[in-house]
1. Going residue by residue through the stretch 579-595, is there one that turns out to be open to solvent by less than 10 Å² (accessible area, probe 1.4 Å), under 20 Å from Ala259 (Cβ atoms), within 16 Å of ligand 2 (Cβ to nearest atom) and hydrophobic (A, V, I, L, M, F, W, C)?
2. Can you list residue pairs whose Cβ atoms sit under 7 Å apart, with the first residue in the stretch 89-106 being in contact (Cβ under 8 Å) with a residue 12 or more places away in the chain and the second being aromatic (Phe, Trp, Tyr) and more than 9 Å from ligand 1 (Cβ to nearest atom)? Count only pairs 6 or more apart in sequence or on different chains.
3. Say whether the condition of being out of contact with any His (no Cβ under 6 Å at 6 or more places or on another chain), more than 24 Å from Cys339 (Cβ to Cβ), open to solvent by less than 50 Å² (accessible area, probe 1.4 Å) and away from ligand 1 (no atom under 16 Å from the Cβ) is met by at least one residue in the stretch 150-166.
4. Quick one: Val502 ticks every box in (1) closer than 27 Å to Glu448 by Cβ; (2) crowded, with 24+ Cβ neighbours inside 10 Å; (3) away from ligand 2 (no atom under 16 Å from the Cβ) except a single one, so which number is it?
5. If you check Gly467 against the conditions, is it open to solvent by less than 10 Å² (accessible area, probe 1.4 Å) and on the phi > 0 side of the Ramachandran plot?
6. Give the residue, chosen from Val265, Val284, Val278, that is in a loop (DSSP other than H, G, I, E, B), aliphatic (A, V, I, L, M), away from ligand 1 (no atom under 16 Å from the Cβ) and in contact (Cβ under 8 Å) with a residue 40 or more places away in the chain.
7. Answer yes if at least one residue in the stretch 645-658 is modelled with pLDDT of 95 or more and part of a strand (DSSP E or B), and no otherwise.
8. Among the residues of the stretch 246-256, is any touching a Leu at 6+ places or on another chain (Cβ under 8 Å), within 16 Å of ligand 2 (Cβ to nearest atom), within 23 Å of Val567 (Cα to Cα) and touching a residue at least 24 places away in the same chain (Cβ under 8 Å)?
Amino acid sequence: MEKELNSHEHSHDHDHSHGHHHHDHNDFTDYKTAVKEYRESFASKKDVMEQAPDPAVREMVKYMDEQGVENCFDRFDKQKPHCTFGLAGVCCSICSLGPCKITERSPRGTCGANADLIVARNLVRAAAGGVAAHGARAREIILTLKKAAEGDVDLPIIGRNKVKAVADMFNLDIKTKSIEELAGEIADILLEDLSRTVPGPHKTLEAVAIPERKRVWEELDLIPVGSYHEVFEALHQTTVGTQGDWRKAMDQFMRLGIAFSMNSVVGGSIASDCLYGVPQRTTVKANLGTLKTDTVNIAIHGHAPQMAMEVIKAGRSEKFIEMAKEAGATGIQFYGICCSGLSTLYRLGGVIPLSNANGSELVLATGALDLWLADIQEVFPGIMEVANCYKTVVVTTNESNRLPGAEHIGYKRDLSDLDKLPQLADRIVTRAIESFKNRRDVKRHIPEHEIEAEVGFNLETLIHRYGSLSTIASALIDGRIKGIINLAGCTNTRIVFEKAIVDIVDILLKNNILVFTNGCASFPMAKLGYCSIKGQEKCGEKLLKFLGPKMPPVWHFGECIDNAHSVAVFREIAKYTGRHMKDLPFAEVTPEWSNEKGVGAALAFRMLGFSSYHCVHAPVHGSQKVKDFLYHGTKELIGSCMNVDTDPAKVAEMIIRDFDEARSNICWRS
Ligand code: SF4
Ligand code: FE2
């Protein structure tokens, strides 16, 4: 089937402008068969119960099934069969002359848009969603840094060395200015790159991007004005009757990929590191077996660290530990869901990683959580029903993410009360202790699995470990390391939960490929021992020789915006090889991507010259032209392309093949 999906034999170079509908007709029959077959490959809840690699997941899905409590796996099954127009990307509801769908009988929408344009426009909007998601979160953290720098909130600036390094990168006057002044100026630069209206240099891009990439982007006229502008322009171009050229729409798509990495991700990452300090290496137990029954249990879920950091600090204070003991608990324990859990873990330690977003309902169904702190992004509305079943108090903290039935203890939309964070945090911890008292009768079901995981890898901690990354570069050159992947992205109900991630990594490690990971895909790695010495069992001999006795084979960089940190490491390694990143055996692998930020992440890496590899198809089957452009055509423009196969083993083979080819192109032994 994949062969057919990827084949060129149906591609057309016909000019559609003269209304030869029979050409569209051919496209139509192609995609219909392809997406129907693709749909057949989708996993079911039964598959998850039987084949999910994490035994705790299998146990919880079965348990919820017995208890009759619904989760995302049930809802996905109920959506079957999935809409073929949506899967192929040929459904358009941009205006109310539609909604339009491309079929044999109707090869154009009411406005005259054909499949190529509709598919391209939908992709542009998805990428814009990704830029906006990471960008909105970046904005809040940059504003928090600015307020801390200007003394409007009582938060210490912990990443003092980071402030100096970034200030130096931006050519600020580090000799005479205080850390606070510099942090304020950094915040202003990042905000400017986020929201520039008057065209001017994109300052972060100028400072961060390597010259080879800048040249490529400039030649293609892809340099973004700023994140806001490119999202604005994306919505503009894709509105009815505006951009009529699918290929030009793809230029906007690529521009969004650069805005995504150079501002939404890097900007957010810089601000977090300046404010809270660079992530530290730390070891923690992971998975559901860690859930205690005698502590006040608080889950941290989402993507914004501001409230989570305060709540954890409060929960670890004498005052609240005493209060918890008075309520009959032995203490207060924090658990991490998704990215806020990870970012607080590597900064404060001891926040136990339990699950990514898709598994959040499974965690709630253990009945072990007293309070669930939900900030922004990947907080599925579906968690409320499960939380109600087990009397878990859900507290939302951000106006962008309210959930009916949840309690809201958050800061204002205009951030004018950010200085009240400590008081708000106190209220949340108090509520958790109260909830503990009220929930003694709730039934617990805690699978026994737990394991050790190490997190907090980044340029700084790796330099601390190796002295210089030339050590890694040498191992890459002499073949002890065949190549390095960045494993990230979400999980997706189309695939047996976390199975594609694990299957691909098993094959790659055996073939001496080193793995960096962050975000949702990093959870199965942490939960199944890949981020500890135990993971060495999976490695090929050469990779083992490089790792030595102490290093895990999968290096956990943290949350999803820590892509910024992994790119910094890739860049540093490339520097020591004397080669461009695009020519090296490097890849972005997001096997189970599902959301708009996932579109953005893979796209951003492709813009940096890394090919991307997936087990989930983008909605492109409706347009042979857009599909060919993404799967092949971008290679000569930006040095990378998108590779998809629903079979994880085949994806692993593609990566190995491409790494071998990259190595032989630069005369390195395989
Ligand atoms: Fe239909 Fe065109 Fe409106 Fe889309 S923009 S809904 S294709 S008329
Ligand atoms: Fe994330």
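The values are calculated or read from the model by the stated rules, or taken from the named source; none is laboratory data. Remember, it's a predicted structure, so these values are computed and weren't measured experimentally. We place every Cβ from the backbone using ideal geometry, glycine too, and count neighbours over all the protein chains shown. Ligands, DNA and RNA are stripped out before the accessible areas are found, and what is left, the full protein with its side chains, is counted by its heavy atoms. Shrake-Rupley method; radii C 1.70, N 1.55, O 1.52, S 1.80 Å.
1. There is no residue in the stretch 579-595 that is open to solvent by less than 10 Å² (accessible area, probe 1.4 Å), under 20 Å from Ala259 (Cβ atoms), within 16 Å of ligand 2 (Cβ to nearest atom) and hydrophobic (A, V, I, L, M, F, W, C).
2. Cys91/Phe85; Lys101/Phe85; Ile102/Phe28; Thr103/Phe28; Glu104/Phe28
3. Our first condition is that a residue be out of contact with any His (no Cβ under 6 Å at 6 or more places or on another chain); within the stretch 150-166, this holds for 150-166.
Of the ones still in play, those that are also more than 24 Å from Cys339 (Cβ to Cβ) are 150-152, 154, 160, 164.
Checking which are open to solvent by less than 50 Å² (accessible area, probe 1.4 Å) leaves us with none.
So far as the stretch 150-166 goes, no, none of its residues is out of contact with any His (no Cβ under 6 Å at 6 or more places or on another chain), more than 24 Å from Cys339 (Cβ to Cβ), open to solvent by less than 50 Å² (accessible area, probe 1.4 Å) and away from ligand 1 (no atom under 16 Å from the Cβ).
4. Among (1) closer than 27 Å to Glu448 by Cβ; (2) crowded, with 24+ Cβ neighbours inside 10 Å; (3) away from ligand 2 (no atom under 16 Å from the Cβ), the lone unmet condition for Val502 is (2).
5. Working: open to solvent by less than 10 Å² (accessible area, probe 1.4 Å): no; on the phi > 0 side of the Ramachandran plot: yes.
So Gly467 does not fit the description; no.
6. Details: Val265 fails: in a loop (DSSP other than H, G, I, E, B); Val284 fails: in a loop (DSSP other than H, G, I, E, B).
None of the other options fit; the residue is Val278.
7. Within the stretch 645-658, the first condition is being modelled with pLDDT of 95 or more, and the residues that meet it are 645-658.
Right, trim to part of a strand (DSSP E or B) and you get none.
Scanning the stretch 645-658, I find no residue that is modelled with pLDDT of 95 or more and part of a strand (DSSP E or B), so the answer is no.
8. Taking every residue of the stretch 246-256 in turn, none turns out to be touching a Leu at 6+ places or on another chain (Cβ under 8 Å), within 16 Å of ligand 2 (Cβ to nearest atom), within 23 Å of Val567 (Cα to Cα) and touching a residue at least 24 places away in the same chain (Cβ under 8 Å).
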